[in-house]
1. Could you tell me whether segment 129-137 includes any residue that is of a type in the set (Asp, Glu), more than 15 Å from ligand 2 (Cβ to nearest atom), assigned by TED's automatic domain parsing to the domain that holds Asp50 and more than 17 Å from Ala181 (Cβ to Cβ)?
2. Read through the list (1) away from ligand 1 (no atom under 12 Å from the Cβ); (2) open to solvent by 40 Å² or more (accessible area, probe 1.4 Å); (3) not aliphatic (A, V, I, L, M), then give the number of the only condition that Arg104 fails.
3. Answer yes if at least one residue in segment 217-239 is among the β-branched types (Val, Ile, Thr) and under 18 Å from Ala49 (Cβ atoms), and no otherwise.
4. What number of residues within segment 8-22 satisfy the criterion of being more than 10 Å from ligand 1 (Cβ to nearest atom) and open to solvent by 90 Å² or more (accessible area, probe 1.4 Å)?
5. Only one of these is more than 16 Å from ligand 1 (Cβ to nearest atom) and modelled with pLDDT of 95 or more: Val54, Val44. Name it.
6. Is it true that Arg197 is open to solvent by 30 Å² or more (accessible area, probe 1.4 Å), in contact with a Lys or Arg (Cβ under 9 Å, 6 or more places away or on another chain), outside any strand (DSSP E or B) and away from ligand 1 (no atom under 12 Å from the Cβ)?
7. Are any of the residues in segment 153-167 open to solvent by less than 50 Å² (accessible area, probe 1.4 Å) and under 27 Å from Phe62 (Cα atoms)?
8. Which of the following residues is under 17 Å from Leu131 (Cβ atoms), outside any helix (DSSP H, G or I) and under 21 Å from the mean Cα position of the chain (by Cα): Leu192, Leu186?
Amino acid sequence: MTVDQSRLHIAIQKSGRLSDYSRQLLRDAGLRIQNGKNDLTARVENFAADLMFVRDDDIPTFVSDGVCEFGIVGENVLAEYALGEGEARFEIVARLGFGRCSLRIAAPETSAYSGPDTLRGARIATSYPCLVRRFLEERGIDAEVVKMRGAVELAPRLGIAGFVCDIVSTGATLEANGLRAVETVLDSEAVLVRTARDIGERKTGLGESLLSRIDGVLATRDSKYIMLNATEESLEKISAILPGAEAPTIVPLHGRPGHFAVHAVCQESVFWETLQKLKDAGASAILVVPIEKMMM
Ligand code: ATP
Ligand code: ZN
């Protein structure tokens, strides 16, 4: 594979829990990705970047080595890599709000568990040996960590280990295997990482432009534009209710003295309860509209 030095290389998971979200994020940032899900790379038609589709475990290495200037990967994978042997030369530049999960230690449902001391002398099966060892060391606990590449939940039943430490989102997999989570080692979400290596002026510029677009997408995800009408007396109360809004725009309504239109960008979700509160405070004709693009 020859690498084009004038283009950015962005590593994303080829297939798995992060792939669709990663592609969607880049599309929302305006990148037109040429199709073909089974290819190893894809060219972005309207931005000087190529995507590399790889296993998530390889992303920290690629970004550290500078083979890819950017990558989208779970913090769990990054953190394990950073504690391992390879030199971690990357920097988290955005938290992406998807792929949320936790690395948790779990025990068989039937066993007694009374805090981390219960782990003394135990065997813990995990695909995250470095993170688990750090967790134990920080608590001064001596226990044996058994590395498994997959099917970690089976370890207690197979008699390999008394405890497991694995990625959990809902806990359903643990439950199905007769386990319950007892400790949290790490909370994780997908992040955008940038190599810490020098990538030259052109690519640095491209990277900044990519990042500013992604920041814009993230900012609009939960943001809404609210418009409503209000009387002069109710303005203060209404402004205080608007969720996550900075200085709202307030303009007088033509032909209705003492009445104003209030416009605001709300950085948080707007729930029905909030609308009811606004109405109770004296607002009328309330409109909540999505924001398509935003650049700060
Ligand atoms: P690959 O083939 O790329 O190595 P994988 O099997 O290691 O894939 P996935 O199961 O697709 O990885 O998970 C990718 C990432 O998604 C995890 O590292 C984690 O950050 C995140 N994630 C979110 N929820 C979960 C979950 N319930 N179980 C596992 N991973 C999850
Ligand atoms: Zn993986």
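The values are calculated or read from the model by the stated rules, or taken from the named source; none is laboratory data. These numbers come from a predicted model, not from an experiment. In this analysis, Cβ positions are derived from the backbone assuming ideal geometry, glycine residues included, and neighbour counts consider all displayed protein chains. All accessible areas refer to the heavy atoms of the entire protein, side chains included, with ligands and DNA or RNA removed. Shrake-Rupley method; radii C 1.70, N 1.55, O 1.52, S 1.80 Å.
1. no
2. (1)
3. yes
4. Within segment 8-22, residues that are more than 10 Å from ligand 1 (Cβ to nearest atom) and open to solvent by 90 Å² or more (accessible area, probe 1.4 Å) number 1.
5. Selected residue: Val44, the only one of Val54, Val44 that is more than 16 Å from ligand 1 (Cβ to nearest atom) and modelled with pLDDT of 95 or more.
6. Working: open to solvent by 30 Å² or more (accessible area, probe 1.4 Å): yes; in contact with a Lys or Arg (Cβ under 9 Å, 6 or more places away or on another chain): yes; outside any strand (DSSP E or B): yes; away from ligand 1 (no atom under 12 Å from the Cβ): yes.
Against the criterion (open to solvent by 30 Å² or more (accessible area, probe 1.4 Å), in contact with a Lys or Arg (Cβ under 9 Å, 6 or more places away or on another chain), outside any strand (DSSP E or B) and away from ligand 1 (no atom under 12 Å from the Cβ)), Arg197 qualifies.
7. Within segment 153-167 (the criterion being open to solvent by less than 50 Å² (accessible area, probe 1.4 Å) and under 27 Å from Phe62 (Cα atoms)), the answer is yes, since at least one residue qualifies.
8. Residue meeting the stated conditions: Leu186.
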